[in-house]
Structures are given as structure tokens and as C-alpha cells.
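Only one structure is covered here, and it is reproduced in the block below.
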Amino acid sequence: MTEEIKPDLEIDLKGLLCPLPMVRVSQNISKIPVGGVLKAVATDPGSLADIPSWARTTGNEVLRVDKGDKLYTFYVKRVK
Amino acid sequence: MAEKTINRELANVINVRLNRQLLYYIDICTRCGLCKDACHQYVATGDVTYLPAYRAELIRRVYKKYFTRTGRFMPSLIEGREPDDRLLDELYRTTYACTGCRRCMYYCPFSIDTTWLLGVAKAMLLEAGRGSPILTELAGAAVMKGENIDLFKDVILESLKDTEKEVQQITGDASAQIPVEKTGAQAMYVALAGTHTILPVAVIFHHARLDWTLSLFEAANYGYFLGDNKLAKTIADRIVDEAKRLQVTQIILSECGHAYRVMKFLYEAWAKEKLPFEVKGIVEVMHELVESGKIKLKKDSIAEAVTYHDPCQVGRNAGFYEEPRSLVKAVSRDYREMTPNREKNWCCGGGGGVVAEPAMDEFRLKTGMKKVEQIRATGARIVVSPCENCRLQLDGLNEKYNLNIKISSLMDLVADNLVAQK
Ligand code: SF4
Ligand code: SF4
């Protein structure tokens, strides 16, 4: 069973196209405390590579990605 | 470091870029003001700091202060200025707001390229550590993806499986494919992130029986918008290296105006090498496929009124006016032209990376007013535009101003109106 992650903030990125999923994650991560988790639900498959790449470049961490039917849920931990 | 030394180093950014073209742009402006009514941002806001000539003037004044004799001894005589915090704040606001549409250049009697001058401004801002943070992050993510492509390859390929199934359904051919990493393919198509720019093209290429392969990278280049040519080249290198490795003879860039500009007009100068393949945009390729009879379009199949928005980077800055129009007109029963159009077309307000900057959302939608007026005047229900940035902006304008229109890419328009091949 996958461990439940309690997010500090949830954002809906459904229907948004590149670069907006990354932009919204970047914009919202600053709203949670360091160590907190942002949950983002996207429909753009491009975000599967984009959001983890964004996290690596900004020094944050993608804890988990859940893939549903054309729905991708990211749990991003704010590291700094 | 002392403030004076820092300012001199910043001013030196202009000096190291000084060539005949830049000197001409710095010297020749007569402040005639003809560019005033050409800029959608000035027209919509009435804010003089958005005048094209004013934005460029900030760079001119720094140049005059440091690199002219009068400027060195009596800067006030020629309004020379130091690149201090106040100037840099203003430069940041006006430079990263510019969409790079070059409408001002078209109307300037001396063809002064304000965007070029603002490229120097961006270099100065970067030197001062004041580059756009969001564009820096997006460019960094693209580089990171390039460096770690093996980590992402599986998820990219997996997400393509669904798209491939859709291609098979649409074409009625269970063997239809989205080829990836196909060595020796004639063309490599560079899409944008997501599958919406892959599906229609895969359908079109299947109909045309084109020998192609899909790039693992996206065409967009936020390093270019940031104004960091080195970073922009690194991002473009991902595509160039892949194309070289696969030995394709042509790369075809998706409907992304600035990506085409980077690859077609800038990359070779940055890399100081001639690319061993041809660079094309999907707009010209679709036009060629129709002209050569490789694909056929359903004539007059759209009954609703259709108009076409010339993306600045496809029209004014690359010269494709008639090719996209011939495709749109072929399938539209009621085609309506916006006024003005072609080289005089108004920028939609979404170029230059401003769609990526949340702090600019309000400004961006406000400065799209000219485009809103143009669309309304046509009475069209469908607006076609072959640029992702333009479409993002048009979506925003549609929502904010209740335009009640459908925005379509040219790829979708073509793919949805193909005559089935025997
Ligand atoms: S139109 Fe050209 S010369 Fe006239 S003010 Fe604008 S930039 Fe200067
Ligand atoms: S390039 Fe376009 S947005 Fe930039 S100053 Fe000129 S008209 Fe205005």
C-alpha cells in the first residue's frame, strides 16, 4: 500500500499546458513552509518530465507521482 | 565592490556587444515618436515607459555616460545615466515586458530593432544578477531534462502509447506509429511538452507517409526569453545533438514562434557552425504537403466564420503570411481577415515569455486589447494561430473579454480536415 502523504496545499493544474504547470508549482511552493508538501494534479503528460526537472533545478524534491487515467498527481516537498 | 566599479562593469556589457548594428541603433533614433502607436503595450496603457524608444533610451543613456567624451565629463548635457538600482528596476520592468513582436521596428523610419537593444538590456540585467526568476527556473528545468533524459525517457515513451492509440483510431490504421529515436529518418519533429502538438502532426505525417521521428525534447526555449544566449544555446543543443545522432536531414519545429526563430536564425551564429540538417517550421511543411498533393484538405468544410492571427514570430519576423492563410482558407467557407494584418498585425500581447510570468497576468491581458478589438471586428467564431504562446494569450483574452470564440492551432485545423488517403 502506498503511504499517505498529507499535503500542506493542493493545486489544480488540469487543462493547463506547458509552461503553466511548472509556473503554478513554482508560484505555490513558496506559499508552504520549508519541509511542507505541495500536491499538484495535472493533465499535461509533459509535466511528467517537466515538474521533476523543475524540482531538481530549484533544489526541491518530488516525493511521489501517481499516474491515473490521464491524470498525474505530484507531491512536491519544499526543501528550501 | 564599490558602486562605481559595479556600474562600470554593467555598462561594459554594452561595450563588449558594440558592433555596427548596435552603434547604428544607439545613434540614429531621432525621437520622432513613430514607434509610439505601433506598440500595443503603450497604446493599451498610455504609460510612456513602455514606449519602444523610451525602453531603448535607457540603454542609450548608459552608453552615452560611459562611452562618449561628453558623457564622461558632462553627462547631464546628453542625459547620460549610471546603471544604478533605479535604472535597473525600470529596465527590468520594461524589458521583460516586451513581447519581441517588432511592430515598432516595422514602423520606425530607421528600422531600429528595439528587441535587439533590449537583448543588450537583458544581458546587463543578467550581469547584475537580476534576470527573470521564473524564466531562469524554466530554462534550468529544460537543461536539467536534457542532462537527465535517460531518467525521463520511460515516462515520455509511456505517455506516447496512449497518443499512438489515438493516432491509430483517427487514421483507421492499427499500424500507425509515433516513431522515436529512429536513426536515418528523413525528418525529426520537435513538438512542445504534452501530446496536443504531437497527435495532429502524427496524423498528418501518417497521411503524407512521411519518414519521421519524434524528438524527446520540447521546442520551447526559455533561455532565449531570459536573454541568456549561452543557456539558450545549451537548451537548443539538446535538439541539435539528437538530430545529429539520428542523422536526420531535416528538423521540423512545432507551432512555436520563438523556437523557430532560435533554431532558424540564431543558433548557427551562437554555435559558429553550419547545421548539417535543414530547419523548417510545421507551418511551411504542412503547406508543402498540401501543395505537393501528399495530403488533401476537405474544401470549405467549416461553416463558422474563421479568422487568422499572424503570430509575430511566424509572420513579421519569419515571413510566413500566405502559407498558413492558404491552409485556413482552403477549409473555411467564411474566412475573414483581421485588420490590420500580415506585417502590420497587432501582437496578441503574449509573446516574449510574458505568459510565463504570473506577476504580469493583468498587464498582459490589458495589453491584448488591440487584439480583442480586431477579433471582435471580424465577427469570427474560430481564431486560428500557429503559435502556442499566442494561443495561451488568446485563451486568456477569450475568457477575460467573453469573446466566445474557439481558438485552434493550424495543426489541428489541418489534421481535422484531411481527406482520407486510399
Ligand atoms: S520610430 Fe525609430 S527613430 Fe522614431 S522614436 Fe521610435 S525608435 Fe526612434
Ligand atoms: S517589440 Fe513589440 S512589445 Fe516590444 S517595444 Fe516593440 S512594439 Fe512594443
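The values are calculated or read from the model by the stated rules, or taken from the named source; none is laboratory data. Predicted model, so just to flag it, every value in this text is computed and none were measured. Here the Cβ is made from the backbone with ideal geometry for all residues, glycine too, and neighbour counts use every protein chain on show. Surface areas here come from the heavy atoms of the whole protein model, side chains and all, with no ligands, DNA or RNA. Shrake-Rupley method; radii C 1.70, N 1.55, O 1.52, S 1.80 Å.
Pop the C-beta distance of B:Gln186 and B:Ser301 into the FRET formula with R0 = 30 Å and round what comes out to the nearest 0.05.
Efficiency, rounded to the nearest 0.05: 0.55.
Over the Cα atoms, compute the radius of gyration (one decimal) and Dmax (the largest Cα-Cα distance, rounded to a whole number) for region B:249-396, in Å.
For region B:249-396, the Cα-based Rg and Dmax read 16.3, 49 Å.
Roughly how big is region B:296-416's charge dipole about its Cα centre, with Cβ charges of +1 (Lys, Arg) and -1 (Asp, Glu), in debye to the nearest 20?
360 debye
Figure the gain on full extension for B:Ser175 and B:Thr49 (residue separation times 0.36 nm, minus the Cα-Cα span) and round it to one decimal in nm.
Working it through step by step, the gained length comes to 39.6 nm.
So how much accessible area does A:Arg78 have, in Å² to the nearest 10, using a 1.4 Å probe?
Approximately 50 Å² of A:Arg78 is accessible to the 1.4 Å probe.
When a/c is below 1.5 the answer is rounded, else prolate if a/b is larger than b/c, else oblate, so apply that to region B:99-170 with a ≥ b ≥ c taken from the square roots of the Cα gyration tensor eigenvalues.
Oblate, because a/c is 1.5 or more while a/b does not exceed b/c.
With the other protein chains left in place, how much accessible area per residue, in square angstrom, belongs to the protein assembly as shown at a 1.4 angstrom probe?
43 Å²
Using Cα positions and a limit of under 22 Å, work out the lysines in reach of B:Lys274, with same-chain residues fewer than 8 apart set aside.
B:Lys230, B:Lys233, B:Lys244, B:Lys264
State the answer as a single residue: which of B:Ala259, B:Ser301, B:Ala243 lies farthest towards the positive end of the charge dipole of region B:217-333, with beta carbon charges of +1 for Lys and Arg and -1 for Asp and Glu, about the Cα centre.
B:Ser301
What does the accessible area of B:Ile282 come to, in Å² to the nearest 10, when a probe of 1.4 Å is used?
0 Å²
Is there a quick way to get the dipole size of region A:9-77? I mean about its Cα centre, with the Cβ of Lys and Arg at +1 and of Asp and Glu at -1; what is the value in debye to the nearest 20?
It works out to roughly 100 debye.
Using 20 Å as the cut-off for backbone N distance, which residues of region B:316-345 belong to the label zone defined by a point 7 Å from the Cα of B:Ala269 along Cα→Cβ?
Counting only backbone N, you get B:316-320.
Filter B:Lys299/B:Lys344; B:Lys36/B:Lys65; A:Lys67/B:Lys153 down to the pairs with a C-alpha to C-alpha distance above 18 Å, please.
Among B:Lys299/B:Lys344; B:Lys36/B:Lys65; A:Lys67/B:Lys153, the Cα-Cα distance tops 18 Å for B:Lys299/B:Lys344; B:Lys36/B:Lys65.
Which residues of region B:315-364 bury at least 10 Å² of accessible area once all protein chains are present, versus their chain alone (1.4 Å probe)?
At a threshold of 10 Å² (probe 1.4 Å), the residues of region B:315-364 that become less exposed are B:Val355, B:Ala356, B:Pro358, B:Asp361.
Quick check: residue separation of B:Lys230 and B:Glu90 times 0.36 nm, minus the Cα distance between them. What number comes out in nm?
47.9 nm
Select from region B:385-417 all residues whose loss of accessible area on going from the chain by itself to the full protein assembly reaches 10 Å² or more (probe 1.4 Å).
Checking the loss per residue gives B:Glu388, B:Leu392.
Determine the distance separating the Cα centre of region B:104-135 from the Cα centre of region B:179-223; give it in Å without decimals.
Between the Cα centre of region B:104-135 and that of region B:179-223, the gap is 32 Å.
Loop only per DSSP, at most 14 neighbouring Cβ atoms within 10 Å: give me the trypsin sites (Lys or Arg not before Pro) in region B:191-265, ordered by residue number.
Filter output for region B:191-265: B:Arg209.
Between chains A and B, what is the buried accessible area in Å², counting both sides, with a 1.4 Å probe and ligands, DNA and RNA left out, to the nearest 100?
2000 Å²
Using amide H atoms built in the peptide plane, which far-off residues or other-chain residues are under 5 Å from B:Asp173 H to H?
Under 5 Å from the amide H of B:Asp173: no residue qualifies.
Please state the charge dipole magnitude for region B:2-131, taken about the Cα centre, from unit charges on C-beta atoms (+1 on K and R, -1 on D and E), reported in debye and rounded to the nearest 20.
Values: 20 positive and 14 negative charges, 68 e Å.
Approximately 320 debye in magnitude.
Å³ per residue of the Cα convex hull, for chain B?
With only Cα atoms used, chain B gives 145 Å³ per residue.
In a Gaussian network model over chain B where Cα atoms closer than 10 Å are linked, find which of B:Glu181, B:Glu304, B:Glu273 has the largest mean-square fluctuation.
Per the Cα network of chain B with a 10 Å cutoff, B:Glu273 tops the list.
Pull up all non-local amide H partners of B:Ala193: gap of 5 or more, or a different chain, and H-to-H distance under 5 Å with H placed in the peptide plane.
The list, which skips near neighbours in sequence, is B:Ala219, B:Ala220.
Anyone know which of B:Glu291, B:Glu164, B:Glu82 comes out most mobile in the 10 Å Cα GNM of chain B?
For chain B, modelled as a Gaussian network with Cα springs under 10 Å, the answer is B:Glu291.
Which residues' amide hydrogens lie under 5 Å from the amide hydrogen of B:Met338, considering only partners 5 or more residues apart or on another chain, with H built in the peptide plane?
B:Tyr308
Would you mind listing how long region B:135-290 runs along its three principal axes, going by Cα atoms, in whole Å with the largest first?
Projected onto the principal axes, the Cα atoms of region B:135-290 cover 45, 33, 25 Å.
Considering only B:Asn341, B:Gly353, A:Val62, whose Cα is most displaced toward the positive end of the charge dipole of the protein assembly as shown, charges sitting on Cβ of Lys, Arg (+1) and Asp, Glu (-1)?
After comparing all options, I get B:Asn341.
Over all Cα pairs of chain A, how is the pair count split among 5 Å bins, expressed in % and running from 0 up to the last occupied bin?
3, 17, 31, 27, 16, 5, 0
What ranking of A:Asp44, B:Asp237, A:Asp12, B:Asp47 comes out by heavy-atom accessible area, probe 1.4 Å, highest first?
These residues rank, largest area first, as A:Asp12, B:Asp47, B:Asp237, A:Asp44.
From the backbone phi of region A:16-31, what are the Karplus-calculated ³J(HN,Hα) couplings (6.51 cos²θ - 1.76 cosθ + 1.60, θ = phi - 60°) in whole Hz, Gly and Pro given as x?
Each residue of region A:16-31 in turn: 7, 10, 3, x, 4, x, 5, 4, 5, 5, 4, 5, 8, 5, 6, 8 Hz.
Can you give me the Rg/Rh ratio for region B:207-324, using Cα atoms for both radii and the Kirkwood formula for Rh?
Value, to two decimals: 1.01.
Compute the FRET efficiency between B:Asp334 and B:Asn12 as 1/(1 + (r/R0)^6), taking r as their Cβ-Cβ distance and R0 = 56 Å, and round to the nearest 0.05. If you can, show how the numbers build up before the last one.
On the way: r = 57 Å, r/R0 = 1.02.
With R0 = 56 Å, the Cβ-Cβ based efficiency is 0.45.
Restricting to Cα atoms and excluding each atom paired with itself, what does the Kirkwood estimate give for region B:27-141 in Å?
Result for region B:27-141, one decimal place: 14.8 Å.
Rounded to the nearest percent, how much of the accessible area of chain B (1.4 Å probe, protein heavy atoms only) is carbon and sulfur?
The C+S portion of the solvent-accessible surface of chain B is 50 percent.
Might you work out the accessible area of B:Ser175 for me, using a 1.4 Å probe with all protein chains in place, and round it to the nearest 10 Å²?
That residue has around 80 Å² of solvent-accessible surface.
So which residues in region B:126-156 end up with at least 50 square angstrom less accessible surface once the other protein chains are there, compared with the chain by itself, probe 1.4 angstrom?
Output list: B:Glu137, B:Leu138, B:Ala141, B:Met144, B:Phe152, B:Val155.
Charges on Cβ only, +1 for Lys and Arg, -1 for Asp and Glu, centred on the Cα centroid of the protein assembly as shown; of B:His287, B:Phe225, B:Leu157, which one is farthest towards the dipole's positive end?
Value computed over the given set: B:Phe225.
Write down, largest first, the equivalent ellipsoid semi-axes of the protein assembly as shown in whole Å, where each equals the square root of 5 times an eigenvalue of the alpha-carbon gyration tensor.
After diagonalising the Cα gyration tensor, the semi-axes are 37, 29, 22 Å.
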